[in-house]
Amino acid sequence: MATTYELIAKNVLGSTSATVTFTSIPQTFDDLCLLISPRSSHGGSDTYLYMKLNGNNTTSNPRYLVGSGSVVSSGTALANFMGWINASAYSGIWSSVEIYIPNYAGSANKSVSATCVSERPTTTAFMSAHAGIYGSSAVTSIEFSANDGSFVAGSSFYLYGITKA
């Protein structure tokens with residue numbers, strides 16, 4: 001089975017922004033994939049990446065699993081929590097996030113999954129996996145924010161539509 005990825009939209013920030021939003025997402029693909037390389041202006045340590053679909057909290061009872069190489073933990077996350085991202089304290093180091101939304105245009109509940117990698121230079125790196133269920137409406141918009149600070153210039157957000165042949 002051949003699968004194709006088509007770039008729907010991209011946003012590489014030229015300046016700091018509190019949110020990044022994709023709107024008017026076409027309903028012509030099977031799935032969506034987002035590739036994100038963000039960093040927050042927050043001066044402390046890592047911060048949270050939040051995602052809302054259609055202006056609503058992303059998932060109900062989302063679960064996460066995170067590991068740092070020496071510590072592993074899991075639990076139930078906030079409804080729109082999709083991972084940790086590097087803060088400005090770690091100059092020049094960007095997080096890596098991939099989010100997958102299958103059957104995004106369908107009327108059934110849809111799973112949302114994310115993998116995220118962030119690091120603290122010379123001390124540790126974190127990898128996390130997140131999963132949850134989003135409601136039954138088709139996804140037409142996606143909004144990202146950080147819980148502390150804004151996204152800094154250079155943060156990149158790519159939205160791909162996936163067609164399964």
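Rule-based calculations on the coordinates, nothing more; no lab input. Just so it is clear, the structure is predicted and the values come from calculations on it, not from any experiment.
For a quick check, take a GNM of the chain with Cα springs below 10 Å and name the residue from 38, 121, 62 with the largest mean-square fluctuation. With Cα springs under 10 Å in the chain, the top fluctuation among 38, 121, 62 is at 121.
Springs join every pair of Cα atoms under 10 Å in this Gaussian network model of the chain, and among 96, 15, 155 the largest mean-square fluctuation is at 15. Hey, if you drop one equal point scatterer on each alpha-carbon of the stretch 3-164 and run the Debye formula without solvent, what base-10 log of I(q)/I(0) do you get at q = 0.20 Å⁻¹? Here the Debye-derived log intensity ratios amount to -1.31.
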